[in-house]
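Taken together, the values in this text are just the output of simple stated rules run on the coordinates, not laboratory data. Only a predicted model underlies this, so the values are computations on that prediction, with no experimental measurement involved. Here the Cβ positions follow ideal geometry from the backbone for every residue, glycine too, while neighbour counts run over all protein chains shown.
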Amino acid sequence: MEVLLQINSVVNSIVWGPWMCAFLLGTGVYLTIILGVPQIRYFVLSFTNVFGKGARKGYGEEGTISPFAALATALAGTLGSGNIAGAATAIHLGGPGAAFWMWISALFGMTTKMVEVILATRFREKDEAGNWRGGSMYVLRAATGQKWLAWLFALFAALAAFGIGNMTQANSTAEAVKLGFGVPHIYTGIALAFLTALVVIGGLKSIANATVIIIPFMSVLYFAGGVILFVMNMDKLPAAFGAAFRYAFRDPMAMPGAIAGWSVRQAMIKGTARGIFSNEAGLGSAPMVHCTAITDHPVRQGTMGIFEVFLDTFVICTVTVISIIATGTLTGYPELTGAQLTLTAFSTVWGRTGAMFLAVSLALFAYSTVLAWYWYGETGATYILGVKVIPYYKALWIICIVLGAWGGSEFLRNIWDFADTLNGLMAIPNLIALWWVSGEVRRLVKDFDAKRARGELA
């Protein structure tokens, strides 16, 4: 195991080094420029598409689930423990300045996510069972002819799903439930595995039916809890936001109560990495479900990707990091990280009730992520091995939930590290696809704008 950890550490330092931050941000900047700042131009439209009548019924005839159901399932994948545990880990390792780099990655990530969804929808196909499938593997194969890159992306997705979408979620949930309610890890794991099995056995439509209920409820619940905490710490909010901006460019070690290891470089790397881990812009995961939407144009569903990143990072992750900074938890409890850090922040305001609230929130976030990432992993596995692998993948998925929950804090740290590495490996072929096929995206965006101008599309 020690050898694997050492190998992973080396690979992680490569795939999440400064060049990867530059590659991710650079891709977002490039796409933002060539598409005319679509995260701003389509910002209002993204809300209209999300909450309009067509979102529930569909905007066309081809597809499997409604646009809103596709968005809800995608949000289920992004709104996970990364919003609570991952965002907390970012500022623990990089200081408050990491929050700023999370926001920067999200600003350009909105464009990146939009383009990913556009391409996945444009090049989607039906598998042997008649299910719509899409994602970077299909884009790479159909638009670039690079079948080996397509195969690699599918492999990384199938494997990464067990990290980012399975064991880390189960472990974070089990830890939070134990701290909030005193329930042993193994019982939480068994319960989570059982509830997951009830849903994934029915496939995508069953997953979507669950997420359209869970996502709105848990988003409003966590946001409301954060707003209450903000109100109770209103006098500390300016300093909290100020620290996020100030120490993004200044040595965080000058901050009172600074933790050893904080630096501007760490803030940038950890903020960007955890931001991507949370909103998944650049990974190519969410497009695998967005592409199943019943829509009349790839760009329409793409605008929902803008909303997805906005809600994930600018709303939910902001609640997490500002709560930790404003309550003094970041510097007051340097030994804590992950979900424990966020839980302590809420507990400083509400005591035991705060711990229980966060435990419930984290359980809902994690459960929804487990559902969504099952579809992503299945899509990657079926691309390589065909639909015959689905029953075996489901069984392994359920088993890993229990194993993930059962592991201790050291296990969690190792899984986070492996998940980070696999996410970085997913991003490489995905980003290559975005650059390679950017001309097709420009054509589709121009076509969408022209049709809207002529009144052919709403």
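Brief remarks follow.
- Given in Å, the Rg to one decimal and the Dmax to the nearest whole number for the Cα atoms of the chain are 20.5, 62.
- Extension reserve of the Leu5-Glu62 stretch, reckoned as 0.36 nm per residue once the Cα distance is removed: 16.0 nm
- Cβ-based charge dipole, the chain, positive-most Cα from Thr382, Gly36, Ala293: Gly36
- Over 28 Å apart at the Cα level, from the set Lys113/Lys446; Lys113/Lys205; Lys126/Lys147; Lys147/Lys394; Lys205/Lys451, are Lys205/Lys451.
- Potential lengthening between Lys446 and Arg352 on full extension [0.36 nm per residue; Cα-Cα distance subtracted]: 28.5 nm
- Applying Stokes-Einstein at 4 °C and 1.567 mPa s to the Kirkwood radius of the stretch 11-135, computed over alpha-carbon pairs, gives a translational diffusion coefficient of 77 µm² s⁻¹.
- Sequence of Ile7, Ile428, Ile401 once ranked by neighbouring C-beta atoms within 10 Å, starting from the fewest: Ile7, Ile428, Ile401
- Cβ crowding within 10 Å averaged over residues, with 297-306, 196-205 ranked highest first: 297-306, 196-205
- Amide N proximity, the stretch 432-458 versus Lys53 label position 7 Å along Cα-to-Cβ, cut-off under 15 Å: 458
- Evaluated with a Cβ-only charge set (Lys, Arg +1; Asp, Glu -1), the chain carries a dipole of roughly 780 debye about its Cα centre, given to the nearest 20.
- Between the listed residues Thr320, Leu283, Tyr187, the Cα displaced farthest toward the positive end of the dipole of the stretch 2-453, a dipole computed from Cβ unit charges relative to the Cα centre, is found at Leu283.
- Chain lengthening between Glu335 and Asp127 when straightened (0.36 nm per residue, less Cα-Cα): 70.0 nm
- Proportion of all alpha-carbon pairs of the stretch 138-254 beyond 23 Å (%): 62 percent
- A convex hull fitted around the alpha carbon atoms of the stretch 295-338 yields 63 Å³ per residue.
- Shape of the stretch 261-348, Cα gyration tensor, a/c cut at 1.5: prolate
- Using the alpha carbons alone, the radius of gyration of the stretch 362-440 stands to its Kirkwood radius in an Rg to Rh ratio of 1.04.
- In this simple spin-label approximation, Lys147 and Leu221 carry label points 7 Å from Cα along the Cα→Cβ vector, and these lie 4.7 nm apart.
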